[in-house]
Amino acid sequence: MPITRLLNYRKQKTANRKLLILLIMLGLLAACTRGAAPITVFGSPDSPRLRQAVAGLQAKLGAGPVQVVCVPEFGPEGPETLRRLRQARPRLLVVLGTPALRWVAPAVKQIPVVFGLVPEPYFTGAAYDPAHPEIHQENVTGITSPAPLAVALQQGAALLGPRPWGLLYDPTDGVAVELARRFREEAPRFGLEPLIETSAAAATDGPGLARLMHRGAKVIYLPPAASTARYAPLVLDWGRQMKVMVVSGYPDGPHQGAVLWVALDYRRLGEDIGDLARRVLAGEAPKAIPIAAKTPLKVEVDETLARKWSGYPPR
């Protein structure tokens, strides 16, 4: 073989070998990239409290890729969006809100799941018995955050005395229904008389509140339920005008007009969820992590209103 042809042959063989090595490296890189799918946050419904929790979560997870997807509480968008997210196979699915967990628990069995912003997970299928938080769906763990109703009742009773408290709730709002049940059961423990009315629409909120006032409610409690948004501005306006004392547990929007405001600290709760997510990402199996109950709080007293109400009107 002529020397020039031999040199060209060797050069071509070396080039082919380099190309093969490059292709193998690219294939390995692609496989690693597929295995490092981003963390996905799947939440429902979207709200200021959910966004606060996401901010706390991202602060704990650092600068890594986090995809945030929020869907409405009702309609087909939630299940369809979840189907697409499952196909992407994220390394971790962080589920925020009861509606989102209701869709995820029966459908997602292989992807690790950490949930939060869920007051009661035991009817969703993700967990089974509140007496045994260590027993739950094997790929799922999370944090429950029940509304701090007892704290509001206890501190309100200490601040305002043993007065009748009124609660208006929407019977079509599941969270409001559960809070009304707890309100009826827990208020007497603190020397408070619970007065309850229902309203399923904005048009009947005013009459429902009027019935509470007519029945003798001296304090109106605003529960942390979505339906409260309809009438919270009116009740807070009454509080500013000193028509009625207001204790608010509603976390979204302003709360001026409430003598006492007791709400969950959703950014802090998001940080707690982020700490749990980091444990799972570090290799801990969700099935080995018991479900935890955490209720970090924000508590504010309007001292000006409290002083005004201290002797007026007479009890």
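The values are calculated or read from the model by the stated rules, or taken from the named source; none is laboratory data. Note that this is a predicted model, so its numbers are computed, not measured. Please note: Cβ atoms are built from the backbone with ideal geometry, for glycine as well, and neighbour counts cover all protein chains shown.
Go through the stretch 244-277 and give me each residue that's at pLDDT below 95 and either part of a strand (DSSP E or B) or among the charged types (D, E, K, R) (or both).
If the condition is that a residue be at pLDDT below 95 and either part of a strand (DSSP E or B) or among the charged types (D, E, K, R) (or both), then D252 is the only one that fits.
Just to be sure I understand, how many residues within the stretch 56-76 are surrounded by 13 or more Cβ atoms within 10 Å (Cβ to Cβ) and outside any loop (DSSP other than H, G, I, E, B)?
Of the residues in the stretch 56-76, 10 are surrounded by 13 or more Cβ atoms within 10 Å (Cβ to Cβ) and outside any loop (DSSP other than H, G, I, E, B).
Can you find a residue that is β-branched (V, I, T), in contact with a strand residue (DSSP E or B) (Cβ under 8 Å, 6 or more places away or on another chain) and exposed (fewer than 15 other Cβ atoms within 10 Å of the Cβ) anywhere in the stretch 291-299?
yes
Could you check, for the stretch 124-140, whether at least one of its residues is polar (S, T, N, Q), over 30 Å from R307 (Cα atoms), surrounded by fewer than 23 Cβ atoms within 10 Å (Cβ to Cβ) and in contact with a Leu (Cβ under 8 Å, 6 or more places away or on another chain)?
Yes.
Looking at (1) assigned by TED's automatic domain parsing to the domain that holds L195; (2) in contact (Cβ under 8 Å) with a residue 24 or more places away in the chain; (3) of a type in the set (D, E), which is the only condition D237 fails?
(2)
If I go through the stretch 85-122 residue by residue, how many of them are basic (K, R) and in a loop (DSSP other than H, G, I, E, B)?
3
Looking at I273, is it β-branched (V, I, T) and crowded, with 20+ Cβ neighbours inside 10 Å?
Spelling it out, I273 is indeed β-branched (V, I, T) and crowded, with 20+ Cβ neighbours inside 10 Å.
Before we move on, is G253 touching a residue at least 24 places away in the same chain (Cβ under 8 Å), closer than 29 Å to K294 by Cα and loosely packed, with under 15 Cβ neighbours inside 10 Å?
yes
Write out, first by first residue and then by second, each pair whose Cβ atoms fall under 9 Å of each other, whose residues are 6+ apart or on separate chains, and whose first residue, in the stretch 182-198, is closer than 18 Å to A147 by Cβ while the second is β-branched (V, I, T) and surrounded by 16 or more Cβ atoms within 10 Å (Cβ to Cβ).
F183/I196; R184/I196; L192/V219
Restricting to the stretch 220-243, and then to whatever is in a loop (DSSP other than H, G, I, E, B) and of a type outside the set (D, E, K, R), can you tell me which residue is farthest from A150 (Cα to Cα)?
Taking the stretch 220-243 first, the residues in a loop (DSSP other than H, G, I, E, B) are 223-225, 231, 241-243.
Checking which are of a type outside the set (D, E, K, R) leaves us with 223-225, 231, 241-242.
Values: P223: 12, P224: 13, A225: 15, Y231: 22, Q241: 27, M242: 24 Å.
So the residue we want is Q241.
Checking T172 against (1) in a loop (DSSP other than H, G, I, E, B); (2) crowded, with 22+ Cβ neighbours inside 10 Å; (3) β-branched (V, I, T), which single condition isn't satisfied?
All conditions are met except number (2).
Scan the stretch 151-167 for residues that are farther than 15 Å from K218 by Cα and free of Cβ contacts under 8 Å to residues at least 40 places away in the same chain and jot them down.
Once the filter is applied, which keeps residues that are farther than 15 Å from K218 by Cα and free of Cβ contacts under 8 Å to residues at least 40 places away in the same chain, the stretch 151-167 yields only Q154.
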